[in-house]
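Visitor: Below you'll find the structure I mean.
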Amino acid sequence: MSVVLAGGGTAGHIEPALALADALRRADPQISVVCLGTERGLETRLVPLRGYELALIPPVPMPRKITPQLLSVPGRLNASVAAAGRVLEASRADVLVGFGGYVATPGYLAARRRHVPIVVHEANARPGLANRIGARFTRQVFTGQPGTKLPHARYIGIPLRYEISRLDRLALADKARAHFGLRPDLPVLLVTGGSQGARSLNYAVLDAAEAIRASGIQVLHILGPRSDIQVQLPPGGPPYVTLPYVDRMDLAYAAADFAICRSGAMTCAELTAVGLPAVYVPLPHGNGEQRLNALPIEAAGGGLIVADADLSADWIRSDLLPVLVDAQLVAAMSQAASSMGHRDTDDRLAAEVLGIIQDRAAGRAADPGRYPEGPAAPGPYRGSPHDSAPYGSGPYDGGAYGSGPYDSAPYDRGAYGGGPYGGGPAAPGPYDGGPAAPGPYGGPGPESGRGGHRA
């Protein structure tokens with residue numbers, strides 16, 4: 001069996017793909033997994049670190065405004081689709097799973113042209129362009145947030161790294177606190193922004209540091225490796241630990257009782273999976289997806305949302321500290337956060353992917369003509385006649401983003417089509433609300449992504 005994963009650029013696209021790859025390998029150690037990526041994405045570091053093969057294709061960033069750059073997109077997209085197609089053929093892919101980002105659109109188009117089954121996973125509440133395209137090609141569409149508007153969407157959660165999704169915070173708490181030099185007998189506030197340190201979070205919390213410590217609260221503050229803040233606090237009182245980044249976010253979560261953080265999709269998924277309540281401070285720019293990611297958690301009682309412009313030392317003193325010193329309230333919020341989490345999405349999505357492969361193999365055995373195998377006849381990209389147009393108008397494309405005969409084949413398993421979150425097209429927006437981020441749990445990159453310091 002062979003699976004190609006298309007999710008590159010930011011860690012928010014890469015980490016779910018790698019979590020799925022890990023789950024597939026646990027289910028079948030012999031399965032072949034190849035990750036599509038570009039030379040400019042974080043996948044060039046993250047994928048090899050996790051032991052998976054990385055196949056690079058040309059990047060095709062889509063301009064967010066009408067500019068002369070738009071004129072170059074069709075040619076560059078054709079080249080990228082052709083390169084993705086060669087990867088699919090070389091790996092003899094049984095299925096392509098896309099997670100959004102620059103590499104997903106070429107992957108979807110190449111898979112459609114070669115009638116390779118497609119699975120789409122969208123982590124954010126507001127889907128990006130790539131997954132809005134991919135969702136037109138398949139009925140296997142899974143979402144990380146309830147209410148995401150994509151055709152055939154099924155809410156499943158976000159695949160998470162095993163160390164996070166299976167974390168027992170209570171069992172690991174004492175060890176984790178000792179690791180960071182924290183006391184075992186006082187509550188801990190975890191502060192983590194993006195890799196630039198989320199300056200607004202850093203300064204607001206540091207300005208309130210004396211009041212926080214005076215309330216008997218310890219702080220584990222991940223500033224971000226690009227932060228130039230020099231922290232000097234008076235000696236004595238509860239520990240206030242500052243670090244540029246953290247490699248072991250599982251230990252950071254285990255040490256904490258509460259968090260202040262951004263609300264990227266991965267952050268929300270991780271905190272709810274481990275039952276850690278938080279103040280979510282959505283990025284003040286982008287398409288508003290970060291606030292949408294945190295809204296269900298707030299509604300369930302598992303967190304608070306405060307606008308970036310409203311976060312201040314005064315707000316922390318007047319609104320947050322009364323929560324932090326109320327142990328019963330924090331415990332109730334932890335339980336509410338946990339009720340929104342998904343700990344087994346990696347295994348569940350892996351089961352769906354393996355089921356599609358098995359269904360396709362059974363269909364090929366029953367009717368070889370309907371499920372052709374192997375490389376297609378030579379075409380302009382060494383591939384097939386399905387490469388004959390920028391968005392494919394060959395026999396498997398059925399139009400611009402059409403619905404050709406393979407859209408309803410048995411491997412699409414239409415049971416999940418038209419689910420409760422299915423609906424019309426999503427509002428337009430960028431791929432994930434911000435530039436690239438650090439990975440796997442640390443390292444440089446802009447603040448909006450996920451890594452050791454969370455978006």
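No lab work stands behind these numbers, since they all come straight from the coordinates. In this text the structure is predicted, and so the values were computed from the model without any measurement. Every residue, glycine as well, gets a Cβ built from its backbone with ideal geometry; the counts of neighbours run over all protein chains shown.
Visitor: Using Cα-only point scatterers and the Debye equation, what is log10 of I(q)/I(0) for the stretch 167-339 at each q in 0.10, 0.11 Å⁻¹, rounded to two decimals?
Guide: Each listed q maps to, in turn, -0.32, -0.39.
Visitor: Also, I was wondering about something else. Could you give me the ³J(HN,Hα) list for the stretch 77-92, computed from phi with Karplus coefficients 6.51, -1.76, 1.60 and θ = phi - 60°, whole Hz, x at Gly and Pro?
Guide: 5, 4, 5, 6, 4, 4, 5, 4, x, 5, 5, 4, 5, 5, 8, 6
Visitor: Now for a separate question. Within the P(r) computed for the stretch 156-244, what percentage of the Cα pairs occupies the region above 17 Å?
Guide: 55 percent
Visitor: With a ≥ b ≥ c the root eigenvalues of the C-alpha gyration tensor of the stretch 75-115, is it rounded (a/c under 1.5), prolate (a/b larger than b/c) or oblate?
Guide: In terms of gyration-tensor shape, oblate.
Visitor: Set the Förster radius R0 to 45 Å, insert the Cβ-Cβ distance between ALA362 and LYS175 as r into 1/(1 + (r/R0)^6), and round the FRET efficiency to 0.05.
Guide: The calculated FRET efficiency here is 0.40.
Visitor: Roughly speaking, what is the stretch gain from ALA214 to ASP326, that is 0.36 nm per residue apart minus the C-alpha to C-alpha distance, in nm to one decimal?
Guide: 38.8 nm
Visitor: Quote to one decimal, in nm, the extra length available between ARG183 and ALA309 on full extension: 0.36 nm per residue of separation minus the C-alpha distance between them.
Guide: Going from the current span to full extension adds 42.1 nm.
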